[in-house]
Amino acid sequence: MRWFRPGSGWYNSTMLSTIRKHNYQIALGSVYPFDSHIPSSRFATRHILWNARPGSIILLHDYGLRGERTILALSVILPELNRRGFRTVTLSELLEFQPEDP
């Protein structure tokens, strides 16, 4: 499966038509630490750890200085989420996930 995330989460019917035509699935995020506007890996880390839930899609940027901040944030975030019992999966794996029946 191929994924497309529209910049800033903005899209319209023409974009959706083109996305479908090329067999992409659209994906947005559910935990956005405003890393494109707030240049703080500490803020991003705290925001993500406060808001992450099972099935969350965390959105971080990786270009230039933002990428350096992302690396710093992830070096704290990933071990902590792992400690909490979360696991990191691709969007395709997340879509296929079926919780166990009680």
Per-residue ³J(HN,Hα) for the stretch 47-54, Karplus 6.51 cos²θ - 1.76 cosθ + 1.60, θ = phi - 60°, Hz, x for Gly and Pro: 4, 5, 5, 6, 9, 5, 9, x
CD proxy at 222 nm, helix term only [per DSSP H run n ≥ 4: -39500 (n - 2.57); per residue of the chain; nearest 500]: -13500 deg cm²/dmol
Surrounding net charge for residue 27, when Lys and Arg each add one and Asp and Glu each subtract one, Cβ distance under 12 Å: +2
Interchain or long-range residues, amide H under 5 Å from residue 3's placed H: 25
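If I take every Cα pair under 8 Å that is 6 or more residues apart in the chain, average their sequence separation and divide by the length, what percent do I get for the relative contact order? Mind dumping the intermediate values first?
Details: 86 pairs, mean separation 23.1, N = 102.
Averaging sequence separation for qualifying contacts and normalising by length gives 23 percent for the chain.
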HN-Hα J in Hz across the stretch 35-45 - Karplus 6.51, -1.76, 1.60, θ = phi - 60°, x for Gly and Pro: 5, 7, 10, 10, x, 9, 5, 5, 4, 4, 4
Given charges at Cβ of Lys, Arg, Asp, Glu: the chain dipole, positive-most of 38, 54, 90: 38
Residue-wise HN-Hα coupling along the stretch 29-34, computed from phi with Karplus coefficients 6.51, -1.76, 1.60 (Hz; x: Gly, Pro): x, 10, 10, 10, x, 6
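Values quoted throughout were computed directly from the atomic coordinates according to the rules given, and no laboratory measurement underlies them. Since this is a predicted model, take the numbers as computed values, not measurements. A quick note on method: Cβ atoms are made from the backbone with ideal geometry, for glycine too, and the neighbour counts reach across all protein chains shown.
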